[in-house]
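Structure record follows, encoded as structure tokens.
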Amino acid sequence: MPDLVQKTVCGQDAAFGPDAARGTFLTNHDMVRAATQLEGPSGGSDVEVRLATQLLFALPGTPFLYYGDEIGLPNGPGQDDVDKRQPM
């Protein structure tokens, strides 16, 4: 995993230049929430969600949080946007 992060960040430097403005995010309103994506078959792990959020703030650029991601909120019962917002 560290190699993937390094490759991605360095690839952005190569594609856009080191001085490009960056906006980093885990998910947005069109995506399944990070807490839902990182759930394991046994019910999910707060450790992975916390690590992903910490990594977001450690990467270059301005971090953006989709509401609910700051508390590790999973999706509602479906994949529609309304279901993603339902827990809030």
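Given a 1.4 angstrom probe, I'd like the percentage of the accessible area of the chain that is carbon and sulfur, rounded to a whole number.
59
What order, most packed first, do the peptides 4-16, 60-72 have when packing is the mean number of other Cβ atoms within 10 Å of each residue?
Numbers: 4-16: 10.9, 60-72: 14.3.
Highest-to-lowest ranking by the protection proxy: 60-72, 4-16.
Let me have the relative contact order for the chain, percent, based on Cα pairs under 8 Å that are six or more residues apart.
31
Which value, in Å², gives the accessible area per residue of region 25-74 when a 1.4 Å probe is used on the protein heavy atoms?
Result: 65 Å² of accessible area for each residue.
I need the P(r) histogram for the chain: all alpha carbon pairs, bin width 10 Å from 0 out to the longest distance, whole percents.
Histogramming the chain at 10 Å steps yields 16, 43, 30, 11, 0 percent.
The values are calculated or read from the model by the stated rules, or taken from the named source; none is laboratory data. Only a predicted model underlies this, so the values are computations on that prediction, with no experimental measurement involved. Reconstructed Cβ throughout: ideal geometry from the backbone, glycine too, with neighbour counts over all protein chains shown. To get the accessible areas, we keep the full protein, side chains included, count just its heavy atoms, and leave off ligands, DNA and RNA. Shrake-Rupley method; radii C 1.70, N 1.55, O 1.52, S 1.80 Å.
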